[in-house]
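Some notes on the structure that comes next.
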Amino acid sequence: MSWKDAKKEATLWIEGLKLPPQMEGREIDLAAITKELRQTGRFRDMVVRAIARQLKARGAKVKQ
């Protein structure tokens, strides 16, 4: 799988969580919100990193 696929999966995952577009100052526990991801192995790691990047772009503080 590619980074493009991981970014797409991350975007879909975040949309499913119904998080607001602006998350300034909110702390998000990455392990807690990604424990239900169905991906495995290296691709799962890529998706989790993409989720973290997208949350940071929204202003969230990501706890790993």
* Once every DSSP H run of n ≥ 4 in the chain is given -39500 (n - 2.57) and the sum is divided by its residues, what mean residue ellipticity at 222 nm do you get, rounded to the nearest 500 deg cm²/dmol? -> -18000 deg cm²/dmol
* Structure fact -> What the 10 Å binned alpha carbon P(r) of the chain shows, as percent of pairs per bin from 0, is 23, 58, 18, 0
* Estimate the FRET efficiency between Arg42 and Gln22 by the formula 1/(1 + (r/R0)^6), using the beta-carbon distance for r and 30 Å for R0, to the nearest 0.05. => 0.45
* **Nonlocal amide H pairs with Val62, under 5 Å, H built at 1.01 Å** => Ile28
* Structure fact -> For the chain, the longest principal axis of the Cα atoms and the Cα long axis of helix 3-17 enclose an angle in degrees, to the nearest 10, of 50
* **Given 10 as the ceiling on other Cβ atoms within 10 Å, longest exposed-site-free region of the chain for GluC sites (Glu not before Pro) in DSSP loops** => 37-64
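FYI, it's all coordinate maths here, none of it is from the lab. From a predicted model like this one, the values you see are computed outputs, not experimental measurements. Cβ sites come from the backbone with ideal geometry, for glycine too, and all protein chains shown count toward neighbours.
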